[in-house]
Each structure stands twice: as structure tokens, then as C-alpha cells.
Amino acid sequence: MKAVVEPLEGNKVKLSVEVDEGEFEKDIDAAFRRIAKEVRLPGFRPGKAPRRILEAKLGKDVGREEALREALPTYYYQAVKDHDVDAIAAPEIDITAGKEEGAVTFDAVVEVRPSVLVPGYASLRIEIPKPEATDEEIDAQVERLRQQFGELTAVDRPAIDGDHVTITINGSRDGEALAGLQADDYLYEVGSGSIADELDENLRGGKVGDILSFDAQPQDPDEAAVQFRVIVKDIKEKVLPDVTDEWANDVSEFETVDDLRADIAERITRVRKIQAQMAVREKAASALVELVDEDVPEPLVASEMQQRLQDFALRLNAQGISPEQYFEATGQSQEALVDELRELAVQGVKADLALRAVAEAEGLETDDDDIEAEIEALSERVKEKPAKVRQQLERADQMSAVRSDIRKRKALDWLVEHVELVDEQGNPVERTALELPADESDDDNTIEEEAE
């Protein structure tokens, strides 16, 4: 087989493929063997009738037509592989010779992945928050500790916001008690708004022994009002401890307030650095996408969107939720979801093309060591031997995709290393400010929660 590639307009190429007569005869033989399994001839078991008998009975054209139908896609894919054609859609195949006899030639016109322009990719500028903790953030964390260790003390005055009142609460609608609004000795923080705004309004200024009766309108205007009857039984205020070295030693492993504040600052900064590192990659990719002005090919968008739809369906299935339940719970229509996924697909395709462009411009390639490292990482995730993972990838013809993914990852790494970093005020942020000590763990959910 011989093939020649010719570029065409409209982001397409034409592969002109020629299969010599001797090679194609093997395909005709294979075609007649398949036909023999389906044809019943007297004196022959299924699949055992020789080609000459079948030709005499059915005609020579039958085998050739079957061979053309079955073998041409194989020759096309071989030509695509041999010439590294990055096809993104099904080809249009036109047989130009050999329909009846002799060598077979055909043209295959196919759309290929385009190359896009990303002018200015080497001078991108992105904004990230300062990784260092501010005094206000540290103060907020100290205040949280004070709130945790505050003590409730009874007071002889009307209730105000922040007080904790012990109440008996009964809620009903049209004379029927509501199961979720019945409680004795319920401790409630005035001003929290956790039950109903009207409850806070009536408790403000209330005194021990007061019996409060009022109506509350649910958020849903179609629902009838709820009648409340509340008895105020006790009022306590939260007394917060003074921030002293003694207090710091009681509530933490640190002997002084300064040491406690320093630890809080370090913990917040550590999480900020991790978040900033992720933000740099995400924002660098987003900024690169903004440089792509060209419209992206519909086949790529359709493929990306299909993948996102499959991922969405798998996530719902893993949670035991049907699409109907999801749409009902979120209030989102199917059309709105499709539009959202399509926009994400367009952005995903642009990111793919833009990273390929950076890799090409910077001469970033994938070598054997990269492949070995990738297969090793994959084998650890799927708990298989590297040799088996490689074999599976080769059988599925996925090695080129693996190389491409590594190359794009290198392009993003290059971008992250060269993008200009500034804070909210436009001041430069040094990359060293985002580095973590070698012995620090990147997985600290408690810290992350405290830093939010």
C-alpha cells in the first residue's frame, strides 16, 4: 500500500491511497471466506465452499464488493497512522480505480485538527490573592477560638442579639401542630435567623417569663403562615475570655498569644499557597484560551461535549440520582444544561488547541522517559503491572493520545513558569512566595476549612 497526503482548504487533507492487485487479492480471499460461512451450498459444510465454487455460483463481483467494503477502512486507518494525520471526523472516501479489477486506489478527504494562533502567550499576566495571612484574618481566627471557649452566663435584662435563650416553642398551622417546630428547653441564639425572622424580632427585648404569640410567613409565598407560641424561660449572654498568654496556653499547645497567632498565620499561609498554586494553573489556562479567536471545529466540540455528558451521567449514577431527579432538584432545564456543557466544551477544545500551539512554538516534545513515567503512574492508579498497562494502551491505539496529553501538560507547566503573577493591587508576586517547605503536607482539610 502507498499513500500520499495533500492539504486542502477548510482544514482538510486528502489521502490518495493505492493498494496493489496482489495485496487486494488477499482481501478478496478473506471476503469469500466470510461469504462461505453465510451461504449454504449442496455438498459443502458451512464455511467450507471454495472460492471458485462461490464465484461460479454468486459471481466474482460479490467478493470484490465485500472486500472493498471491509478492507478500505483498514487501509485508510493505516495511511492515517503512517502519515500521522490527526483526523477529527469521519472521512469521505471515493474509490477512483479498482472497483471491478486490478489495483485499488481511493481518495479519502478528512477534517484534521487545526493549528491555532496564540499571540502573546509568553507575556500573560494573571492575578492571584496574596498568599500571606493578614492581621484581619488572624484576628478572625482568634475570635473564633474565643467564641468556641466562651461561657454562657445568666443575665437579668431583656434579650439582645447574641444572647442564648432557653425557650419552649410550638409552631402550628390552622390549629395543627407542625412536627419540626415542637420543643421544650430549646437553646436558641437571638439574631441567628435559623428558624424564622419573626422569631428573632419577637425575642429581641423579651424577658424571662414572656409568652410570645405571632405569625411567621414561610419563604414560599404559596404556603400558609405558621402560628408560633414561644415561652422565654432563661436568658444568657456569652462571655468571651480575654486574649492572654494564659488563655492561649489553655486552648492550644502554645504558651503565648504571639506563638498562637504565628501558628495561625503559618497555617492560613500554607493553605493559601496550595490554593494559589492551583489558581495559577487554572488562570494561566483560562488566559491562554482568551487568546484563541478562531472558531473551533464542530467535530471536536461534539466529541468534547459527548465526553462531558457521559461524565455527568456517571456522576449522577454514582450518587443514585436520575436525570429527572437532578433537573427537579436543581430547577435547571435540560436545554440549559446542554447549553452550559456546550460552552464548557468549546472552552475545553480551545484549551486543547492552545496548549498544542504553545508546545509546538516552544519545541516541547514527549520522550521515552516521559512515557515510562506516565505508564508507571497509570499502573499505580489502576493497580496493574506497567507492562500490562502499556500493552492495553497499544492495543487500544492510545499511545499517541498519551504522548499528546504529556506534551500539553508540559506546555501548561511552561506557561505556569513564565506567566507574570500579580496580587489584587497589581504588585508582583514572586514564585518563591508560593513554595511550601519540603516536609509540608498538601492535604490538610482542617487548615483549609479554617482559612476559608
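With part of a helix (DSSP H, G or I), of a type outside the set (Phe, Trp, Tyr) and under 23 Å from the mean Cα position of the chain (by Cα) as the only criterion, which of 358, 389, 296, 292 stands out? Can you show your working first?
Values: 389 fails: under 23 Å from the mean Cα position of the chain (by Cα); 296 fails: part of a helix (DSSP H, G or I); 292 fails: part of a helix (DSSP H, G or I).
It is 358.
Condition (residue is under 20 Å from residue 154 (Cα atoms), touching a residue at least 40 places away in the same chain (Cβ under 8 Å), surrounded by 12 or more Cβ atoms within 10 Å (Cβ to Cβ) and touching a strand residue (DSSP E or B) at 6+ places or on another chain (Cβ under 8 Å)) applied to region 212-230: is it met by at least one residue?
Checked against the condition, which is being under 20 Å from residue 154 (Cα atoms), touching a residue at least 40 places away in the same chain (Cβ under 8 Å), surrounded by 12 or more Cβ atoms within 10 Å (Cβ to Cβ) and touching a strand residue (DSSP E or B) at 6+ places or on another chain (Cβ under 8 Å), region 212-230 yields at least one hit.
To keep it simple, each residue is scored yes or no on (1) small (Gly, Ala, Ser); (2) open to solvent by less than 70 Å² (accessible area, probe 1.4 Å).
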site: 327; (1), (2): no, yes
site: 334; (1), (2): no, no
site: 339; (1), (2): no, no
site: 349; (1), (2): no, yes
site: 352; (1), (2): no, yes
site: 359; (1), (2): yes, yes
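Among (1) in a helix (DSSP H, G or I); (2) open to solvent by 40 Å² or more (accessible area, probe 1.4 Å); (3) not hydroxyl-bearing (Ser, Thr, Tyr), which single condition is residue 36 missing?
(2)
Please work out which residue is modelled with the lowest pLDDT, limiting yourself to region 29-82 and to residues that are among the hydrophobic types (A, V, I, L, M, F, W, C) and under 30 Å from residue 398 (Cβ atoms).
Among them, the one singled out is 31.
Could you please find all residues in region 68-89 being open to solvent by 40 Å² or more (accessible area, probe 1.4 Å) and either of a type in the set (Lys, Arg) or closer than 14 Å to residue 13 by Cβ (or both)?
Result: 69, 81, 82, 83, 84, 86.
Let me spell it out: the conditions are (1) within 24 Å of residue 279 (Cβ to Cβ); (2) assigned to a loop (DSSP other than H, G, I, E, B); (3) touching a residue at least 40 places away in the same chain (Cβ under 8 Å); (4) open to solvent by 40 Å² or more (accessible area, probe 1.4 Å), and residue 364 meets all of them except one. Which number is the exception?
Status for residue 364: all satisfied but (4).
Run residue 394 past the list (1) within 25 Å of residue 77 (Cβ to Cβ); (2) touching a helix residue (DSSP H, G or I) at 6+ places or on another chain (Cβ under 9 Å) and report the number of the one that doesn't hold.
Condition (2) is where residue 394 drops out.
Please go through region 297-307 and pick out each residue that is open to solvent by less than 70 Å² (accessible area, probe 1.4 Å) and more than 13 Å from residue 343 (Cα to Cα).
Listed by number, the residues that qualify are 297, 299.
Being assigned to a helix (DSSP H, G or I) and in contact with a helix residue (DSSP H, G or I) (Cβ under 7 Å, 6 or more places away or on another chain) is the requirement here; does residue 308 meet it?
It is true that residue 308 is assigned to a helix (DSSP H, G or I) and in contact with a helix residue (DSSP H, G or I) (Cβ under 7 Å, 6 or more places away or on another chain).
Just one of 62, 85, 80, 118 is free of Cβ contacts under 8 Å to residues at least 60 places away in the same chain and of a type in the set (A, V, I, L, M); which is it?
Values: 85 fails: free of Cβ contacts under 8 Å to residues at least 60 places away in the same chain; 80 fails: free of Cβ contacts under 8 Å to residues at least 60 places away in the same chain; 118 fails: free of Cβ contacts under 8 Å to residues at least 60 places away in the same chain.
Among 62, 85, 80, 118, only 62 is free of Cβ contacts under 8 Å to residues at least 60 places away in the same chain and of a type in the set (A, V, I, L, M).
Has region 308-324 got at least one residue that is under 27 Å from residue 414 (Cβ atoms) and open to solvent by 40 Å² or more (accessible area, probe 1.4 Å)?
yes
Has region 182-189 got at least one residue that is in contact (Cβ under 8 Å) with a residue 12 or more places away in the chain, surrounded by fewer than 15 Cβ atoms within 10 Å (Cβ to Cβ), polar (S, T, N, Q) and out of contact with any helix residue (DSSP H, G or I) (no Cβ under 7 Å at 6 or more places or on another chain)?
Checked region 182-189: at least one residue is in contact (Cβ under 8 Å) with a residue 12 or more places away in the chain, surrounded by fewer than 15 Cβ atoms within 10 Å (Cβ to Cβ), polar (S, T, N, Q) and out of contact with any helix residue (DSSP H, G or I) (no Cβ under 7 Å at 6 or more places or on another chain).
The values are calculated or read from the model by the stated rules, or taken from the named source; none is laboratory data. Note that the structure is a prediction, hence the values are computed from the model and not measured. Glycine also receives a Cβ, built like all others from the backbone with ideal geometry; neighbour counts cover every protein chain displayed. The accessibility values were calculated without ligands, DNA or RNA, using every heavy atom of the protein model including side chains. Shrake-Rupley method; radii C 1.70, N 1.55, O 1.52, S 1.80 Å.
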